[in-house]
Amino acid sequence: MNDNPQQESATLECGPAKDPAVRWFIFAAMMIAMALWCWSDRRDPPEAWDAEHINQIGAYLLNNWGPVVFAPVGLIAVFAAVGHLRRTLVADESGITYGSEKMVWKEVTRLDATKLKSKGILTVIHGDGQTLKLDSWKLQNFQELVAFVEKKLPDVETIQPQG
């Protein structure tokens with residue numbers, strides 16, 4: 001049994017929120033379904049390529065070229081959703097790692113909290129004007145993250161909203 005008082009964890013991990021990925025997956029499903037529908041309803045070329053046959057031209061182009069456009073867009077959306085779900089933020093004693101971005105606490109110059117209450121966005125300005133945007137819509141445990149950042153940077157200038 002440990003007799004030491006319970007200490008706060010020195011590391012905070014914020015997983016990705018599910019809403020953005022769900023939207024990407026819905027968009028991907030729509031694009032792939034549209035590609036399949038266009039592929040299954042292939043059309044013959046129009047009788048002539050003029051204004052009188054504009055509906056036949058449109059149907060031909062949509063149904064014959066739709067899969068070429070919609071399927072890759074759907075696959076890109078799937079990769080975007082999976083990429084979002086794999087991006088985790090880790091805040092520890094040295095700084096923040098968010099995906100491939102790394103920020104060290106000692107390089108932080110300002111915190112921009114102008115959109116914190118209205119939109120749930122905290123921007124950390126570090127280095128030579130580089131920014132790290134922390135968004136409550138994309139991250140779980142966002143309130144704990146804001147408290148962790150404020151605890152680590154008590155003397156850093158914070159830009160508050162006007163009014």
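Determine the calculated [θ] at 222 nm for the chain from helices alone, applying -39500 (n - 2.57) to every DSSP H run no shorter than 4 residues and normalising by the residue count; nearest 500 deg cm²/dmol. Provide the component values of the computation, followed by the final result.
On the way: 4 runs with 70 residues, N = 163.
Computed ellipticity for the chain at 222 nm equals -14500 deg cm²/dmol.
In a shell of Cβ-Cβ distance under 15 Å around Asn55, excluding Asn55 itself, what net charge do Lys and Arg (+1) and Asp and Glu (-1) give?
Details: positive: Arg43; negative: Asp41, Asp44, Glu47, Asp50, Glu52.
Cβ neighbours under 15 Å give a net charge of -4.
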(request) Calculate the dipole size of the chain relative to its Cα centre from +1 charges on Lys and Arg beta carbons and -1 charges on Asp and Glu beta carbons; express the result in debye to the nearest 20. (result) 140 debye
(request) Report, to the nearest 10°, how far helix 18-40 tilts away from the longest principal axis of the Cα atoms in the chain, using its own Cα long axis and a range of 0 to 90°. (result) 10 degrees
(request) Please give the length that would be gained between Asp128 and Glu52 if that part of the chain were fully extended, namely 0.36 nm times their separation in residues minus their C-alpha to C-alpha distance (nm, one decimal). (result) 21.3 nm
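Taking chymotrypsin sites (Phe, Trp or Tyr not before Pro) that fall in a DSSP loop and have at most 13 other Cβ atoms within 10 Å as cut points, what is the longest piece of the chain between them? All intermediate terms of the calculation are to be shown ahead of the outcome.
Numbers: sites that count: Trp49, Trp137.
Value returned for the longest uninterrupted segment is 50-136.
Could you state the orientation-averaged shadow area of the convex hull built on the Cα atoms of the chain, in nm² to one decimal?
On the way: hull surface 68.1 nm².
Approximately 17.0 nm², given one-decimal rounding.
First check a/c for region 80-163, with a ≥ b ≥ c the square roots of the eigenvalues of its C-alpha gyration tensor; if it is under 1.5, answer rounded, and if not, answer prolate when a/b is larger than b/c or oblate otherwise.
oblate
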(request) Compute the long axis of helix 142-152 from its Cα atoms, compare it with the longest principal axis of the Cα atoms of the chain, and write down the angle in degrees, 0 to 90, nearest 10. (result) 40 degrees
(request) On a C-alpha basis, how far is the centre of region 16-43 from the centre of region 101-135 in Å? Whole number, if you could? (result) 34 Å
(message) I'd like the orientation of helix 54-85 relative to the chain: the angle between its Cα long axis and the longest Cα principal axis, in ° from 0 to 90, rounded to 10.
(response) 20 degrees
(request) Estimate the FRET efficiency between Leu75 and Lys119 by the formula 1/(1 + (r/R0)^6), using the beta-carbon distance for r and 35 Å for R0, to the nearest 0.05. (result) 0.70
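Counting other beta carbons within 10 Å of each residue's own, what order do Ile57, Ile96 fall into, fewest first?
Fewest-to-most ranking of Ile57, Ile96: Ile57, Ile96.
Where does each of Met30, Met103 land when they are ranked from fewest to most other beta-carbon atoms within 10 angstrom?
Details: Met30 14, Met103 19.
So the residues, fewest neighbours to most, are Met30, Met103.
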(message) I want to check a number: in the chain, how many lysine pairs have alpha carbons closer than 17 Å, given a sequence separation of 8 or more or different chains?
(response) 12
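How big is D, in µm² s⁻¹, for region 13-85 by Stokes-Einstein at 25 °C and 0.890 mPa s if Rh is the Kirkwood radius over C-alpha pairs? Mind dumping the intermediate values first?
Numbers: Rh = 13.8 Å.
Value of D from the Cα-based Kirkwood radius: 178 µm²/s.
Just so you know, all these numbers are worked out from the coordinates, no wet-lab data involved. For clarity, every value in this text was computed on a predicted model and none was experimentally measured. Cβ: placed from backbone, ideal geometry, glycine included. Neighbour counts: every protein chain shown.
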